[in-house]
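The values are calculated or read from the model by the stated rules, or taken from the named source; none is laboratory data. Since the model is a prediction, treat every value here as computed from it, not as a measurement. No Cβ is skipped: glycine too gets one built from the backbone with ideal geometry, and neighbour counts run over all protein chains shown. In case anyone asks, the SASA skips ligands and DNA or RNA and just uses the protein heavy atoms, side chains included. Shrake-Rupley method; radii C 1.70, N 1.55, O 1.52, S 1.80 Å.
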Amino acid sequence: MKLSLYTILLLVSLPVLQAQISPFNRLAGERGILPVETFTRDYGQGAAVEDYDNDGDLDIFLATDRGMFSRLYQNDGRGYFRDVAEVSGIADKGAVRAALWIDYNGDGLLDLLLAAESCPGWSCTDPIRLSLYRQTSAHAFEETTLEAGLVLDDAFDNLPFFAVGGLSAGDLNGDAYPDVLLSVWGGGINWLIKNGHGGLEDRTHGAGLELEEPTPWQAMMLDVNQDGKLDIYCNIDFAPNKLWINLGDGTFAERAGLYGIDHAFNEMGMTIADMDNDGDLDLYLTNITRNYQGTPQYNVLFEQQFRDGRVEFVETASGRGVAQSGWDWGTTWADLNNDGLVDLLTTNGWEDPRWPLDRSRVWLNTRGGFADISFAARFNDPFNGTTLLAFDLEGDGDLDILQTLKGRNPGLPMLIYENTLRQEAGTANYVVIKPRMPLPGQFPLGATVTLKAEDYVSSRLISAGNSFYGQEPALAFFGIGARTTIKEAAVRWPNGTVSVYSDLAINQEHTLWYDWVRAPEALTLEHKGNKIWLGWQDKSDNETGFELEYGRDSLFERVEVLQLTADTESYTMESPLETGTWFFRLRAFKERVASAYANPVKVSLAPTPEAIPIASAFLYPNPMVSGEKLHLAALPGYEGEVQIRLYDTLGRLLHTHFFSASGTEVAYEINVGLPPGIYAVQIWQGKTARAGKLLVREAGT
């Protein structure tokens, strides 16, 4: 077997990589997680993590099998739990598969939606059941399933084979209330929206959510084409996955093939994050590692790229080293060591004597690929798992892992893997961002948060419904390593608007409330003589000023910033910039927030002949022969650093030479090696320049 260079380097460096993640402590009973008598068959049960009681720590709802109460584990703030389901009014004894925390009625309190299977056989009438528990102000719940209109009628009656496929939520129709997607393996997709009477109603018919094979598993909502409307991506078993683009009129158009994500294996679990820190979102889908009907199947990694003016995804799981791990279900991205790179975890297993034991996996992100460090991290159990979620159990600034179990298990329905990362000063910093909007849509499902910290940039999706039968909290966790300065956090809200927040401290949680200033548009530039004129259209009425950034880098990593008043739509730079290409961009701001940037513009500045001319005695020979050395005599009165810059006739900088001048008559030799032609020369000290022309000819001419 021929190994790639990356694989060889990975094997050599594996011991070093393994040391970069602290091992997990596997917890359950010690933290109040209780055993169960039975487990749901085949697919197991899920969990939903959120701060439902708004006390600053994260709580867990755990689904259970038929005949026992599901569990609501309330966090005491230190990572210890007690079950308060019954006393809180959640008295569901069905075979619950999936759950979501959503504020369905827009009152600022999280309600609980459950999806369960209502009969033990493979075929029956009304096999799928939804239940809704509305939270009251006292952190108690009352069941409002009938009032919310959550009776599914005959939508999934008499299915020959069925299972809850998953739950997900987001505002698909722009009314600020969360819509719900229920997927049913064997039955298809249901789209439930908030109606004007306080309940939820089915809008699936005519929406364009049809399936050739009615075998959907997990779906997630994100704005793929960034038009301000949430789209739907859904894993389909035994058929191509679907990407339904939101058309904004209550209908969707299937476009998975256009974006390169119409994969047709047996995808089940799903997780989304910025794997490669390029500011966009990448998708990882779990599968079954096997050869099925002559086709090798494996987990897939879709890396988002921007080519030829449009978004597309490229599948790279095998090249990145995360393709094979057994019969996989739940999965999550999580920066386990706060180094700024999200790592990847999967849980797996199938209750069949013909199928070997699968071990859970954790892959360390090494930038170029991933290293399997499951044993070193002590996340390598052989249990059959379902859901895998990442959250900060104790609020100590690192991500812990929740795993639900079925079948081969230690008698517990859930395990917690405590991250033992120790916060050594300056080595494992982090930032948590909680974006929030006004009622009724306080929890902005589908928003994207992009954090910039020194040389770091990365994005996270705020979602409800992920992994497999799971939900992670509506916040964005960023490990930033030894970085100590946050440049900004940009929130792209579900409605497409962008808000940019600055002055954020590290190692803290920041709640960023919705505020917005419209970005200026149509930034233009004119260059005349020594002046640069910039103009734009002011589209906002609430800004307090504008920020104009300019620099030599098209990525704007090192820029100068000018603060301009709000009563202008143009600016003229009176002083000439140095020769070369300059880039400009502009945004509006007010007290708490800045806008997105207007379109960038650039200008290429040629050497300025108006500068003080260079006397021929200072630069010789001129003309010179190609290959000859250029001489520069000391310039009287020049002290300190002097720069010599050579440009071609297009204004492109070819050579830069530095000297330390002393004002004496000392000559300097410059071996420039220029081919024949005409060149511009500038001699700079501070902001003063001398300019002239240099003629280079062939020998003998």
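Put simply, when 330-340, 236-246 are sorted by average Cβ atoms within 10 angstrom per residue, most first, you get 330-340, 236-246.
Length gained on full extension, PHE69 to ASN54: 3.1 nm, using 0.36 nm per residue less the C-alpha separation. Taking square-rooted eigenvalues a ≥ b ≥ c of the alpha carbon gyration tensor, is region 457-510 rounded, prolate or oblate, where a/c under 1.5 means rounded and, failing that, a/b exceeding b/c means prolate? Oblate, since a/c reaches 1.5 and b/c is not below a/b.
Of the GluC sites (Glu not before Pro) found in region 433-520, those that fall in a DSSP loop while having at most 16 other beta-carbon atoms within 10 Å are GLU454.
Among 205-212, 493-500, 518-525, 388-395, the peptide with the highest mean count of other Cβ atoms within 10 Å heads the list, and the full ranking is 388-395, 493-500, 518-525, 205-212.
I'd like the carbon and sulfur percentage of the solvent accessible area for region 34-128, probe radius 1.4 Å, heavy atoms only, ligands and nucleic acids excluded. Reported share for carbon and sulfur atoms: 49 percent. Accessible surface area normalised per residue over the chain is 41 Å², counting heavy atoms of protein chains with a 1.4 Å rolling probe.
Expressed as a whole percent, the accessible area of region 166-306 that falls on carbon and sulfur atoms is 47 (1.4 Å probe). Residue-normalised convex hull volume from the C-alpha trace of region 206-331: 111 Å³ per residue. Within region 323-373, the trypsin sites (Lys or Arg not before Pro) that combine a DSSP coil assignment with at most 14 other C-beta atoms in a 10 angstrom radius are ARG354, ARG367.
Amide H contacts for GLU488 (H built 1.01 Å from N in the peptide plane; partners 5 or more residues away or on another chain; cut-off under 5 Å): LYS452. Packing order of peptides 550-563, 61-74, 587-600, highest average first: 61-74, 587-600, 550-563 (average count of other Cβ atoms within 10 Å over each peptide's residues). Angle between the Cα long axis of helix 5-18 and the longest principal axis of the chain, 0 to 90 degrees, nearest 10? That works out to roughly 70 degrees.
State the percentage of accessible surface on region 317-363 attributable to carbon and sulfur atoms; use a 1.4 Å probe and exclude ligands, DNA and RNA. C and S atoms contribute 50 percent here. Looking at region 84-187, the trypsin sites (Lys or Arg not before Pro) that sit in a DSSP loop and have at most 15 other Cβ atoms within 10 Å of their own Cβ are LYS93. Set the Förster radius R0 to 60 Å, insert the Cβ-Cβ distance between ASN599 and GLU37 as r into 1/(1 + (r/R0)^6), and round the FRET efficiency to 0.05. After rounding, the FRET efficiency stands at 0.45. Oblate is the label for region 64-124, because a/c, from the alpha-carbon gyration tensor with a ≥ b ≥ c as root eigenvalues, is 1.5 or above and a/b does not exceed b/c.
Determine the alpha carbon to alpha carbon distance for each of LYS531/LYS629; LYS452/LYS539; LYS229/LYS539; LYS528/LYS629; LYS93/LYS194; LYS487/LYS531 and list only those over 32 Å. Where the Cα-Cα span goes over 32 Å, the pairs concerned are LYS531/LYS629; LYS528/LYS629. When only the Cβ of Lys, Arg, Asp and Glu is charged (+1, +1, -1, -1), the dipole of region 448-553 relative to its Cα centre reaches about 240 debye.
Backbone geometry of region 360-374 corresponds, through the Karplus equation with coefficients 6.51, -1.76 and 1.60 at θ = phi - 60°, to 3J(HN,Hα) couplings of 4, 10, 9, 10, 7, 6, 10, 6, x, x, 10, 10, 6, 10, 4 Hz, x marking Gly and Pro. Taking the Cα centre of the chain as reference, the dipole from Cβ charges on Lys and Arg (+1) and Asp and Glu (-1) amounts to some 2140 debye. Taking amide H as placed 1.01 Å from N in the peptide plane, the amide H of GLU254 sits under 5 Å from that of ILE245, each at least 5 places away or on another chain.
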